[in-house]
1. For segment 224-318, restrict the atom set to alpha-carbon positions and state the Rg and Dmax in Å.
2. In nanometres, what is the gap between the two model label sites at residue 202 and residue 357, each 7 Å from Cα along Cα-to-Cβ?
3. If packing is taken as the average number of other Cβ atoms within 10 Å across a peptide's residues, how do 302-310, 234-242 rank, most packed first?
4. Can you give the helix-only mean residue ellipticity at 222 nm for the chain, where every DSSP H stretch with n ≥ 4 adds -39500 (n - 2.57) and the sum goes over all residues, rounded to the nearest 500 deg cm²/dmol?
5. With +1 on each Lys and Arg Cβ and -1 on each Asp and Glu Cβ, and nothing else charged, work out how big the dipole of the chain is about its Cα centre, in Debye to the nearest 20.
6. Taking the dipole about the Cα centre of the chain, with the C-beta of Lys and Arg at +1 and of Asp and Glu at -1, give me whichever of 31, 200, 329 is farthest to the positive side.
7. In nm, give the distance between the simple-model label positions of residue 28 and residue 239, each being 7 Å from the Cα along the Cα-to-Cβ direction.
8. Assuming R0 = 30 Å, can you tell me the calculated FRET efficiency for the pair residue 148 and residue 306, based on Cβ-Cβ distance, to the nearest 0.05?
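We did not get these values from a lab; they are worked out from the coordinates using the rules stated. Note that this is a predicted model, so its numbers are computed, not measured. A quick note on method: Cβ atoms are made from the backbone with ideal geometry, for glycine too, and the neighbour counts reach across all protein chains shown.
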Amino acid sequence: MIIRSLFAFLAMGMASSGVAAPTIDYPDVKPGDKLHFPQDEGSHPEFRIEWWYVTGWLKTGDEREHGFQITFFRARPDIVAQNNPSSFAPKQILFAHVALSDPAENKLLHAQRIARAGLGLAQAKTGSTHVWINDWSLQQKGNRYIANISTPQFRFDFVFDAPMPPMLNGERGYSQKSPNPLAASYYYSIPQLKVSGTLTQRGKPQSVTGTAWLDHEWSSEYMDARAVGWDWTGLNFDDGGALMAFRMRDKTGKALWAGATYRQPDGATRILRQGDIDFTPLKSWRSTRSGADYPISMRLRAGGQDWVLAPLFDDQELDSGDTTRAIYWEGAVHVLKDGKRVGRGYLELTGYAKALKF
C-alpha cells in the first residue's frame, strides 16, 4: 500500500531525461458519496491509488493451516503526461504482492511483480473486479472471485465465494484516516469469504478450504503528513461475525486516528469511532533483516469487547524492495477471547521499519 518510492523512481527518470513533470488534479474522496455495486468493485483509474487485498487462512487435507495474501495495487503517477498517446507511457502502474505463511517453513514465502498497464500484459478493469499482471490475476464473476498466482515457491488456484454483500467501512464507504477529512479513502470489505481450490508447493498440489477477507480501497490522499504508518486487522469470527479495525500512528506511536466496522453474524453492521478502539501491544518481534520491532501480538478493544491477536508464527515480514520498496509485517493471526480461539484473521503493521510517505 506504499507507492511514494515508486513515484520517486519514475520522477528521477524523467528528471534525468530533462522532461518536466506535470501536475495532475486528482479527485478528492468526499463524505456522502454513495458506492454502487458491482461497478465500484472495478478500477477507479482517475484516483491516485487503489488496491484489492485478499488475506485468509487455508486448511489442507492433512489439517495443516497456512495463511496467505494476494494484493493487487494500481497507481496513477503524478509525473506522467496523461495525454501522451504512446502505448508505452506509464499512465497507470500495476504491482502485486503475494505471500504464503507456512508454519513448516517458519517464515513468510513471498513474491512481487510490477508492470505498466496496457499492451494486454497488465490491467485493472472498470465495472467489476478484474486485475492482472501477466499470469497473476484476480477476477470477479458475480459473487465469486477467482485467483490464479504462480511463483517459484508456490501456486494458488483459489475460488472465493461471498456469502453476504460488501461491508461498507466508515460513513457508508467514506473512511476517514485523519482529523483532516481530505485524508480518506472509499473503502469496503467482503469478510467471511469461503475458500476452495488448490495450493501447490514443491510441485505437489493439495486441495484446500478456508476463510478469507477482501478489502478494496481507492484514494487520492491516504495519509496525513503527521502519520508514520498504521496498524490494521481484518478478523473472521467463528460465529460468522467480522471486524475491521485500524489506527493511524503518529511519530510518538500514538493513534492519530482510528476506525472500525463490526458486522454481526446476522449481517447487522456497527461503525466504531476513535474512542471505541484501542490497540495494546503484548509481544514484540525484532527482524534481523530490517532491524524493525513489530508488535506482532495485540490486545484489541473495539466496541466494548476485547480480543487478543496472536501470530501464527513470528517472522511474517515482507520486504517489497522490487515494487513499493516498503518493509512491513503482514501476518496470519489467531483471535483469542478468554484464552480460547474464536476466529482467525490478518494483522498488518506498517511504518515500523521507517516512516511511510505517500
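1. Calculated on Cα positions, Rg and Dmax stand at 14.3, 44 Å.
2. 4.4 nm
3. Details: 302-310: 17.1, 234-242: 20.0.
Order by mean packing, descending: 234-242, 302-310.
4. Working: 1 runs with 13 residues, N = 358.
That comes out to -1000 deg cm²/dmol.
5. Working: 41 positive and 38 negative charges, 59 e Å.
Rounded to the nearest 20 debye, it is 280 debye.
6. Highest projection toward the positive end goes to 329.
7. Calculated label separation equals 4.1 nm.
8. Details: r = 39 Å, r/R0 = 1.30.
The pair residue 148/residue 306 has a calculated efficiency of 0.15.
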